[in-house]
Amino acid sequence: MTALPPLDAAQVGERLDDFLNPALSSWRVAEGPARELAGLDRPQQDFVLHWGAVIARDHAESGLAHLPAPGGGGGLHCGR
């Protein structure tokens, strides 16, 4: 099976918007986490996006809190 290429920041942002949109306010956007996730390889991106969506199903604010923060702090640990 061929490995999928990493998602770029715009693609990651679209996926984040799918499950975080209800939690976002005008001052908090997914752009920073999307840029951070774009720097990961595809299996790591898939891991973070999967678990972010799982967490957001129960509590959208928690889903946002578990994404990587700009500058590399916080978030789900995916072996990076």
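Restricted to region 10-21, and to residues that are open to solvent by less than 90 Å² (accessible area, probe 1.4 Å) and under 10 Å from the mean Cα position of the chain (by Cα), which residue is modelled with the lowest pLDDT?
Here the residue is 20.
Might you check whether a residue that is at pLDDT below 80, within 9 Å of the chain's Cα centre (by Cα) and either buried (at least 16 other Cβ atoms within 10 Å of the Cβ) or basic (Lys, Arg) (or both) occurs anywhere in region 22-39?
Within region 22-39, one or more residues are at pLDDT below 80, within 9 Å of the chain's Cα centre (by Cα) and either buried (at least 16 other Cβ atoms within 10 Å of the Cβ) or basic (Lys, Arg) (or both).
The values are calculated or read from the model by the stated rules, or taken from the named source; none is laboratory data. None of the values given here were measured: they were computed from a predicted structure. Neighbour counts are summed over all protein chains in view; Cβ atoms, including those assigned to glycine, are modelled from backbone coordinates with ideal geometry. Only protein heavy atoms, including side chains, enter the accessible area calculation; ligands, DNA and RNA are left aside. Shrake-Rupley method; radii C 1.70, N 1.55, O 1.52, S 1.80 Å.
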